[in-house]
Each structure stands twice: as structure tokens, then as C-alpha cells.
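The values are calculated or read from the model by the stated rules, or taken from the named source; none is laboratory data. Remember, predicted model here, so these are calculated numbers, not experimental data. Neighbour counts run over all protein chains shown; Cβ positions are idealised from the backbone, glycine included. Only protein heavy atoms, including side chains, enter the accessible area calculation; ligands, DNA and RNA are left aside. Shrake-Rupley method; radii C 1.70, N 1.55, O 1.52, S 1.80 Å.
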Amino acid sequence: MKTPPPQPPLGPGIPSTSGADFLTTKLDVAVQWAQSNSLWPMPFGTACCAIEFMSVVSSHYDLARFGAEVVRFSPRQADLLIVAGTVVDKLAPVLKKVYDQMSEPKWVISMGVCASTGGFYRAYHVVQGIDEIVPVDVYVAGCPPTPENLIHGIMELQKMIQSGELARHRASKTFVPIRVGTDPDLSIPAYSDGVMAHMTGKKELPQIGVTAESELGAKAKADAGEGHR
Amino acid sequence: MSATLTRPSLSFAPVLEQKLKGRVTVEERPAHDIATLVTDAATLKEAALFLRDDPAAAYDLFLDLASVDRSKLPGHATGKDARFQANYILYSTRRNEHLRLRVNLPAKDPAVPSLTGVWPAANWFEREAWDLMGIRFDGHPNLQRLLTHNGFVGHALRKDYDKGQRWLCTEEDLLQTELAAKTDDPADMFETMTLNFGPSHPTTHGTLRVVMRVDGEKIVAAESECGYLHRCFEKMSETHTWVQVIPYTDRLNYCSPMINGNGYALAVEKMLGIDVPPRAKAARTVLNEFSRIMDHLVCIGANLVDLGALTNFWYAFQPREEIYGLLEACCGARLTSSYARIGGLAKDVPDNFVEWSRSLLPTIRDRIADIDGLITKNKIAWNRLRGTGVVTKEQAIAWGFTGPSLRASGVPYDVRKDKPYEMYGDVDFDVPIATEGDNFARYIVRMEEMRQSMRIIEQILARFPKGPVNSDDYRVILPPKEMVYNEMEGLIYHFKLVFEGVKVPAGEIYSFTEGANGELGYSLVSDGSGFPYRVKVRPPCFPLFAAFEKIIKGGMVSDAVATLGLLNIIAGELDR
């Protein structure tokens, strides 16, 4: 009997079965392949980046080409959280809640420098990177990122999902948010002398930022009885 | 008073001075700034009532409250001079005049009577001043924090507040608003429920929040809240040089960044007393109008998505992409252009700017016609937009509206027409108004404004000037390289500008331009150093969103969605 010519593989990790109407693969690989090509994004758009996100889903850049056009505004229906824009302290509990409401498996793209690091808002009301609150899989640079850049970020995420890299990473490490759910008396300096507040969330933390201004904060707090809240 | 003679707009001042026995005085201001009256906290309310009601004054529109902490100004004597200033910016729609009403306040317990009873628009501005500057407003109905969260301690814009001092915000802090709405009126508690709307909700476009009490689908009471994008623009500006502030201004109203940068540059140029060449003025005007079109397209496109008309979104975004191409050629960025500079533009426009700009107009016109054909006579759009979100002329003025929302209620105030700047005085265009004040009026006014913007663009392109785009004042613009290499003076200018930045003479200004959503004002204070001492923006969205809870009361939840979209609240400039 003559053997048919060899066919190219159907996908990463999925070999061709040379014309037969079945294929053999591992379940993990098949699921990852399916997941990566059908991402349902939930845009957590807050600022300028959200406008660029709109451009990405519009006809010109057409995110549908990457299987990620089903934009959901309910976290319960989405598996990809795209945080587009600055997240401020007041919004931080909201972001945490939205993330917690998504069911596994879930991924997070931090779009733009504000979401990634606080950007050039190194200030009293801005979260210095959403990885203070939620674990991030892909950071996309730019202020705001060009649509090409965001598409690149999504393609990178697809690759990471397909290779199983993210699943292994999740299994090996537990993420601890530093701010939400910790002691409400805690005040965290955004930075002092270039040292960022670090990821522990313990009572000793404010010591990092002891400056003249911190004393001022303590004084203001002592006055809080006069109706500061 | 000699100053009253130099300012014809202050013809009423002698009467006021006499009536209040000299407790109101006219402050001499340079010609580039607006007229200013000074009073004290005890007289403020009386003076305010006079200014609103006297027919020779008639300041009916409350525009802004700019507070200043003067403690770090050179020459300030601690304990002797007044530390705080509250500057009320007022406008008379009938006389087309601006006025600043200034109150000086001591360092210890600065307090003034609340003006919410005189101008309802003052409500949120006073809350903001309390939140960020710690000025107390006696008699204010709800003097709570507005922009920062409830866990915040201290007042961030005071000069002794560390710009990086953050405070933890917990979920309980956010729930306080909801609780407040619940106890609003015990009589309404029967068979009504609290509905939290936002901040993460598709129609709030990111970061707006409204807590409603609903009876079925009818809104009985509502409380709106902002601050979910308060990213400290004003504090950040104080830590950067005058030119470095321009990228921050781009991110105020990120749907039309050119307009913000232009308004800021214009304000600083006025303080410096310099003029920009005609080519820069023309380029700024053209790009302003393109930005206005982009802003209105986002507003209409995104709002129609909220109403279920998705196709229009694609129609609206296609011309935006093409305008982005032009902006990218000018400055290298699509959205955050940072193109305006103090004294001109970052660089000259591309060689084919005129042809390129002209070639965009047919596409824009076609897409607007497409949206027009789908929506303007559409039965569903009529049902959703007509008669919903109605704001009468009197309400719009009392609530401090400006821009398309004010014009949709029948007040023809447009800074471009009434106080022309750049090239707006030299072109022929109409200011569209509507009288219904409902959502449909706001839609139709924006549609017509885009056509008028194209008219302005066409006229300027027809006589686009040649020549330099930057002022030859080397205090603000780097001298050409030949001069730097060959002349001592050129080298000095270059050195000083690179190392010290633009130095704006000590002083103060309120400068205003027409943003896409209304009057965009900058209250700037300079102490003569290379950094702004105080930058206060008058964001057009702020009074619009403050009034939102009043507009939607008594209506349906679905109408609130339509109203929110067509007021076009942009969180970046709302919260700054």
C-alpha cells in the first residue's frame, strides 16, 4: 500500500495525521490552542488607552483577526482582562473586585505605562503599577501604546498560553496583592528617594518612606477628628 | 478708583464699593488678565448676590473656583500675609465679560460661606477646594471629599503636602456613597432599591459612578461621584517645568489633546507677552478643529453604541483613523500629540500639510452624512433622545454649563466667537444652537459643529501662511544652531533655556479657550522660577457631571445612559 505524502502539522504540538479523519494530541495542548485563539477580553478602560483600545477593536485594526473581538463588559463572561489606562487608589478596590469575579483560567494585559508602572504620574493618588493589585501576564509599553503594539501584546499572550508557560508559572507561585485587604491604617508612600514601596503590606512598611512629609501626614491624621473625612 | 476707569467692564464697581462700604475693592490687573475684585469672607455672599443680580454686573455663570496656597511664594510673610486665596471665576452671558472675585484667607482654619445658594454650580467646585486645599465652606450642603477617596488624610494641593504621599483605599471607603444614598429620604425607602452604576460599567466609559435609588425603572434619587481617575495633574504640574506640563495637558481631554495643549500654551504666552507667528496660529487652529471633530465623533459614536446602534461606531472611527495619520505626520504620536509649545509648535507641519488636510475633509463629510442618514430621522433615536435629559436655559446657566451642552439649551456662548483667539477672529463660521435642551439637541448641535469646523479648516487652508512656526523670542524657543555656534548671545540663550527652562515672570492669569466640551480655562500662578507655582484647570466636564444627578432624577435608567453619553463626560479632564 502506498503511503500518502507527509502533511504539515495542524498546530503547535498537534501533528498531522496524514489524511486520516482523526488526530492525536495531548488534552492540555488542544485546550491551550483553543483558549489562545478565542480570548474574550474585558476592557477595564479608564483613560487615554481606552480610546486606543477602541481603535484596536474598530474595523481598521480589527482585533477579530486574532479571535479576540468578543468584548465583554462583565468580568464573569471574560477571560482576558485588559487594563487600559491609569488606575488610581480610589479605583484599586474596584479593579481587584473585577479581577476576582473572573473565573479561571484568566489572563491580564497591562496596557500602557500608567497601568504598568504609574507612568509619569508619580503622585499621591496613583497606583504605581497594577501589579500591586493583580498579577500581570503581559505588559504593553507606550503612552498610549499604538494599536500595533497592543496587538503584539495579545499575540505574545497567545504564544504564552499555547506553550503552557503561564499555567506552569501560576502553579509555581502565589501572588500576594500588597494593598487591598491590608490594614486600613496603613499609608504607603508612592516612592521616596527612588525606593518603591515593596510587596509585603505589613505594618513596618511605612518606615521606608519616613520623611518630613510623612510626619506631616501623621499630624494631619491626628487632626482628622476635626472632620477631615 | 482709577482701575475702574481702565476697565469699562467694571462700571458697576463704584456702586458696589459704596454699597458694601469699601469692603470690596478693585484690584489692578494687567491687560492680558481678567478683571478682579477683592473682598473678605464676611462680605463674600453679599458681594456675590450683587454680582449675580445687579443688571450692570449680571454675572450669571459660575465658571471656576481656583484656590491658591501662597505660603511658598517669594516675599510671603508667614503668619502676616493671607496664606490661602479662593478665586471665583465668573462670566456674564449677557455682557460677555469675565470676572475674578478674590477672597484672601488666613492659614489657620480658612473658611468662607458657601456660594451654592447663589450659583448652584459652586457645589462641586467647593467640594474640590475643600478636598485638595482644605478651605472650609460654611453652609455647604454636603462638604465631603470629592476627588480623593474617603481614606485620604490631609489636603493634597497644599504646598507642605508631599506629592508622593499615598493613602490606602479600602472597599468600605467606596461603600460610603452607597450608604449615603440609602439614607437620603426615608420616605422613599419603601419599595425602592439602590442601584450602583459604575465605575466599571460599559456606558460610564471607565470611571464615572452614580448611585441611584430606583422605583422599578424610574430614578427617584441619584448621587454621582467622581475621582476614579484623579491622577494629580495639578500637583504634578507644580513639580515640572513650564514646557514639561504640556504632555500632561494632552491627557486631560484625551479625545482632543491638541486643544488642551493649545489652551495651556496660549495662557503662558499671554503671561510672557509673546505672540506666535501666523503659520503656527493657522496650524494650531486647523488641528484644534480636527480635534474637535474627533472628539464629537467619539461622543456620538460611543453614545450610539450605548443606545444599541453599533454601526455608527465604525463610521465614526474611520475618519478618526485618517486624522490620526495627519497628527502622526505632524508630531509622531496618534493620540497624545504634545505638539503645541510655548511660543509655537514642536516642529513645522509636514510639507504636504495643506493638501493632506484638505484630502481628509471629503471622508469626514461622507461619514458624518452616513451617521446623519442613519440617526437624525430614525424613529428609535427620536424615541430615545427627544425629550430625555432636558436642561432648560436657566438650569444650564445655573449649573455652570458651557460648550455644546449650553448651546443645546439655547445660550449662544462660544469662546471662539465671543472672545476670539488664534485665528478664529479671521474666519467666518456659525455657532449652532438648539433650544430644546434635550439629548437630541446636544446630538444635533455636535453634528452641526463638526460641519462648521470643516468650514473653518477650509478657510484657513485656502490661505495657509508661509514662514516660521516658532516665535523668535529666544527666552522660550531655542535659537537656530548657526546662531548658537557663531554668536555669543545665541550660546547664552541656548544654555539658559536648556538648563533653566522657560522662566515666566511672576504673576497670575485666567486664560480660556473653547474645548470640545466647553470653556477650558487655565488659572496659572507663576512665582518667577522655572516651575509653575499653581496650575488650576477649569474642566468643562466638571459642572456637567455635577449636574448629571439632577438631570436624570425622575427619568428612566435607560435615559440616564443616553444623557451621560451626550453630555460627553471625559474622565481625564473631569478628575484631572
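Please verify whether B:PHE512 is assigned to a strand (DSSP E or B) and buried (at least 23 other Cβ atoms within 10 Å of the Cβ), treating the condition exactly as stated. Walk me through it before giving the result.
Working: assigned to a strand (DSSP E or B): yes; buried (at least 23 other Cβ atoms within 10 Å of the Cβ): yes.
It is true that B:PHE512 is assigned to a strand (DSSP E or B) and buried (at least 23 other Cβ atoms within 10 Å of the Cβ).
Across region B:274-318, what is the number of residues that are basic (Lys, Arg) and over 16 Å from B:GLY343 (Cα atoms)?
Here is the first cut: in region B:274-318, the ones basic (Lys, Arg) are B:279, B:281, B:284, B:292.
Next, only the ones that are over 16 Å from B:GLY343 (Cα atoms) stay: B:292.
The qualifying residues number 1.
Of all residues in region B:341-369, count the ones that are open to solvent by 50 Å² or more (accessible area, probe 1.4 Å) and in contact (Cβ under 8 Å) with a residue 24 or more places away in the chain.
Counting residues in region B:341-369 that are open to solvent by 50 Å² or more (accessible area, probe 1.4 Å) and in contact (Cβ under 8 Å) with a residue 24 or more places away in the chain gives 7.
Scan region B:429-448 and report the pairs whose first residue is at positive phi and whose second residue is surrounded by fewer than 23 Cβ atoms within 10 Å (Cβ to Cβ), with Cβ atoms within less than 9 Å and a gap of 6+ or a chain change.
Listed by first residue and then by second, the contacts come to B:GLY437/B:VAL390; B:GLY437/B:THR392; B:GLY437/B:LYS393; B:GLY437/B:GLN395; B:GLY437/B:GLY410.
Could you please find all residues in region B:191-210 being within 13 Å of chain A (Cβ to nearest Cβ), in contact with a helix residue (DSSP H, G or I) (Cβ under 6 Å, 6 or more places away or on another chain) and of a type in the set (Val, Ile, Thr)?
B:THR203, B:THR207
Identify all residues within region B:419-433 that are assigned to a loop (DSSP other than H, G, I, E, B) and open to solvent by less than 10 Å² (accessible area, probe 1.4 Å); write none if there are none.
B:PHE429
Got a number for residues in region A:131-153 being assigned to a helix (DSSP H, G or I) and either crowded, with 20+ Cβ neighbours inside 10 Å or of a type outside the set (Val, Ile, Thr) (or both)? Outline the logic, then answer.
Restricting attention to region A:131-153, the residues satisfying the condition of being assigned to a helix (DSSP H, G or I) are A:131-132, A:147-153.
From what's left, either crowded, with 20+ Cβ neighbours inside 10 Å or of a type outside the set (Val, Ile, Thr) (or both): A:131-132, A:147-150, A:152-153.
Here the count works out to 8.
Please verify whether region B:310-319 includes one or more residues that are aromatic (Phe, Trp, Tyr), open to solvent by less than 10 Å² (accessible area, probe 1.4 Å) and at pLDDT 90 or above. Before the answer, list the steps.
Just the residues of region B:310-319 that are aromatic (Phe, Trp, Tyr), to begin with: B:313-315, B:317.
Subsequent filtering for residues that are open to solvent by less than 10 Å² (accessible area, probe 1.4 Å) retains B:317.
Subset that is at pLDDT 90 or above: none.
Within region B:310-319, none of the residues are aromatic (Phe, Trp, Tyr), open to solvent by less than 10 Å² (accessible area, probe 1.4 Å) and at pLDDT 90 or above.
Go through (1) at pLDDT 90 or above; (2) β-branched (Val, Ile, Thr); (3) surrounded by fewer than 17 Cβ atoms within 10 Å (Cβ to Cβ) for B:ILE293 and report which single condition fails.
For B:ILE293, the exception is condition (3).
Which condition from (1) open to solvent by 10 Å² or more (accessible area, probe 1.4 Å); (2) more than 9 Å from chain B (Cβ to nearest Cβ) is the one that A:VAL108 breaks?
So A:VAL108 meets the others, but not (1).
Which pairs turn up if I take residues in region A:38-64 that are more than 7 Å from chain B (Cβ to nearest Cβ) and on the phi > 0 side of the Ramachandran plot and look for partners that are among the acidic types (Asp, Glu) and assigned to a loop (DSSP other than H, G, I, E, B) with beta carbon separation below 9 Å, at least 6 apart in sequence or on another chain?
What qualifies is A:ASP62/A:GLU69.
So which residues in region B:167-195 are modelled with pLDDT of 60 or more, polar (S, T, N, Q) and open to solvent by 70 Å² or more (accessible area, probe 1.4 Å), if there are any at all?
B:GLN176
How many residues does region B:206-221 contain that are within 30 Å of B:GLU191 (Cα to Cα) and touching a Phe, Trp or Tyr at 6+ places or on another chain (Cβ under 8 Å)?
Of the residues in that region, 6 qualify.
How many residues, within region B:317-345, are in contact with a Leu (Cβ under 9 Å, 6 or more places away or on another chain), assigned to a helix (DSSP H, G or I) and facing another protein chain (nearest Cβ under 10 Å)?
Residues in region B:317-345 being in contact with a Leu (Cβ under 9 Å, 6 or more places away or on another chain), assigned to a helix (DSSP H, G or I) and facing another protein chain (nearest Cβ under 10 Å): 4 in total.
Run down B:ASP372, B:ASP348 and say which single residue is in a loop (DSSP other than H, G, I, E, B) and of a type in the set (D, E, K, R).
Details: B:ASP372 fails: in a loop (DSSP other than H, G, I, E, B).
On inspection, the qualifying residue turns out to be B:ASP348.
Might you check whether a residue that is in a strand (DSSP E or B), crowded, with 19+ Cβ neighbours inside 10 Å and of a type in the set (A, V, I, L, M, F, W, C) occurs anywhere in region B:528-535? Can you show your working first?
Taking region B:528-535 and keeping what is in a strand (DSSP E or B), we get B:532-535.
With the extra rule that they be crowded, with 19+ Cβ neighbours inside 10 Å, the set shrinks to B:532-535.
Imposing the further condition that a residue be of a type in the set (A, V, I, L, M, F, W, C) reduces the set to B:535.
Yes: region B:528-535 contains one or more residues that are in a strand (DSSP E or B), crowded, with 19+ Cβ neighbours inside 10 Å and of a type in the set (A, V, I, L, M, F, W, C).
Taking the stated definitions as given, is B:VAL305 in contact with a Pro (Cβ under 9 Å, 6 or more places away or on another chain), free of Cβ contacts under 8 Å to residues at least 60 places away in the same chain and within 14 Å of chain A (Cβ to nearest Cβ)?
Details: in contact with a Pro (Cβ under 9 Å, 6 or more places away or on another chain): yes; free of Cβ contacts under 8 Å to residues at least 60 places away in the same chain: yes; within 14 Å of chain A (Cβ to nearest Cβ): yes.
For B:VAL305, the condition - in contact with a Pro (Cβ under 9 Å, 6 or more places away or on another chain), free of Cβ contacts under 8 Å to residues at least 60 places away in the same chain and within 14 Å of chain A (Cβ to nearest Cβ) - is met.
For B:TYR474, indicate whether it is assigned to a loop (DSSP other than H, G, I, E, B), more than 21 Å from the chain's Cα centre (by Cα) and free of Cβ contacts under 8 Å to residues at least 60 places away in the same chain.
yes
Looking at (1) within 26 Å of B:ARG158 (Cβ to Cβ); (2) out of contact with any strand residue (DSSP E or B) (no Cβ under 9 Å at 6 or more places or on another chain); (3) within 14 Å of another protein chain (Cβ to nearest Cβ); (4) not aromatic (Phe, Trp, Tyr), can you tell me which one B:ILE570 breaks?
Looking at each condition in turn, B:ILE570 falls short on (1).
Condition first: part of a helix (DSSP H, G or I), farther than 24 Å from B:TYR413 by Cβ and at pLDDT below 90. Can you find one or more residues in region B:46-59 that meet it? Explain how you work it out, then say what you get.
As a first pass, look at region B:46-59 and keep what is part of a helix (DSSP H, G or I): B:46-53.
Cutting the leftovers down to farther than 24 Å from B:TYR413 by Cβ gives us B:46.
Narrowing further to those that are at pLDDT below 90: B:46.
Yes, some residue in region B:46-59 is part of a helix (DSSP H, G or I), farther than 24 Å from B:TYR413 by Cβ and at pLDDT below 90.
Considering only residues that are among the acidic types (Asp, Glu) and closer than 30 Å to B:THR402 by Cβ, which ones fall in region B:493-520? Give the steps one after another, and end with the answer.
Of all residues in region B:493-520, those among the acidic types (Asp, Glu) come to B:500, B:508, B:514, B:519.
B:GLU508, B:GLU514, B:GLU519 - these are the residues of region B:493-520 that are among the acidic types (Asp, Glu) and closer than 30 Å to B:THR402 by Cβ.
I'm trying to understand the selection: among the residues of region B:235-264, which are part of a helix (DSSP H, G or I) and facing chain A (nearest Cβ under 10 Å)? I'd like the intermediate steps shown before the answer.
Applying the first criterion (part of a helix (DSSP H, G or I)) to region B:235-264 yields B:235-238, B:245-250, B:257-264.
The answer is B:LYS235, B:MET236, B:PRO247, B:TYR248, B:ASP250, B:PRO257.
Could you identify the single residue in B:GLY139, B:GLY164, B:GLY154 that is within 8 Å of another protein chain (Cβ to nearest Cβ) and either on the phi > 0 side of the Ramachandran plot or modelled with pLDDT of 80 or more (or both)?
On the way: B:GLY139 fails: within 8 Å of another protein chain (Cβ to nearest Cβ); B:GLY164 fails: either on the phi > 0 side of the Ramachandran plot or modelled with pLDDT of 80 or more (or both).
Answer to the check: B:GLY154.
Please verify whether region B:518-532 includes one or more residues that are more than 27 Å from A:TYR124 (Cα to Cα) and within 23 Å of the chain's Cα centre (by Cα).
Going residue by residue through region B:518-532, those that are more than 27 Å from A:TYR124 (Cα to Cα) are B:518-519.
In the following step, the residues that additionally are within 23 Å of the chain's Cα centre (by Cα) were identified as B:518-519.
Yes, the conditions are met somewhere in region B:518-532.
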